[in-house]
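Reading through the structure tokens given below for one structure.
The values are calculated or read from the model by the stated rules, or taken from the named source; none is laboratory data. Being a predicted model, the structure only gives us computed values, none of them experimental. We place every Cβ from the backbone using ideal geometry, glycine too, and count neighbours over all the protein chains shown. Note: areas computed on protein heavy atoms with side chains; ligands, DNA, RNA excluded. Shrake-Rupley method; radii C 1.70, N 1.55, O 1.52, S 1.80 Å.
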Amino acid sequence: MRRWTVFSLMFVMLGLGFALVAPIGLAADAAKEMAAKYILATSKAARTVYVKGIMADATKGGMKPSEDWVKDDHGMMLPAQFVKELGKEIKEFDLSLVGTDPLYASNAAKSAKEKDMLAELAKGKEKVLVAEDGGVTVGMSADYAIADICADCHNSHPKTTKKDWKKGDFMGAIVVRLR
């Protein structure tokens, strides 16, 4: 009889333990999803301010967006470089870009899951997606050519395979990877 009582008590304790641990795991997932969404929103806002405010005013003053902005006294970083530079300053997670027609391999989706997420964003129904990918929480925010200069730069780039970009086109996503 004691064995059954001990066994029953262990079973109840085990069940209770699972009942308590499962919500904690779900809460951790929800926290990562929320963190990814906040990071993406902040990054996108910063890049938009850079393009519509800083770049617009600086070009009126004689500066020009340049891929080689570091070497050019009157050059300024491109919007994609701005996001990537933000990402370099952050050690706690990865922040970058993925493109539908990336000019550089570093801007390609890193996994099949990321390719699927990018394809889903391209449909236009979703603006932000967050998913687990091999133990990494990946968040993507749809990225559009927010100014003519974005489309013009991509159309004229020597590595481009697409030459008909226009303002408003879906170009890829800002991506955050939380380990």
| field | By accessible area with a 1.4 Å probe, ligands and nucleic acids excluded, highest first: order of Thr59, Thr137, Thr42 | value | Thr42, Thr59, Thr137
| request: List, in order, the whole-Hz ³J(HN,Hα) value for each residue of the stretch 86-97 obtained from phi through the Karplus relation with A = 6.51, B = -1.76, C = 1.60 and θ = phi - 60°; use x for Gly and Pro. | output: 4, x, 5, 7, 10, 9, 7, 7, 9, 10, 7, 10
| query | Considering the zone a paramagnetic label at Ser156 would reach in this model (a point 7 Å from Cα along the Cα-to-Cβ line), which residues of the stretch 60-83 have amide N under 12 Å from it? | reply | 64-67
| request: Heads up, I need the accessible area for Asp143: 1.4 angstrom probe, whole protein in place, Å², nearest 10. | output: 20
| remark: Restricting to aspartates and glutamates and to Cα separations under 12 Å from Lys84, and discarding same-chain partners fewer than 8 apart, the set is Asp94
| request: Hey, can you grab everything whose amide H is under 5 Å from the amide H of Gly168? Only 5+ residues off in sequence or another chain; H modelled, so Pro and N-termini drop out. | output: Ala145, Ile146, Ala147
| task | Treating only the Cβ atoms of Lys and Arg (+1) and Asp and Glu (-1) as charged, compute the dipole magnitude of the stretch 26-73 about its Cα centre; round to the nearest 20 debye. | result | 200
| So how far, in whole Å, is the C-alpha centre of the stretch 150-167 from the one of the stretch 25-81? | 19
| remark: Per the rule of 0.36 nm per residue minus the C-alpha distance, extending Lys71 to Glu132 adds in nm 18.0 nm
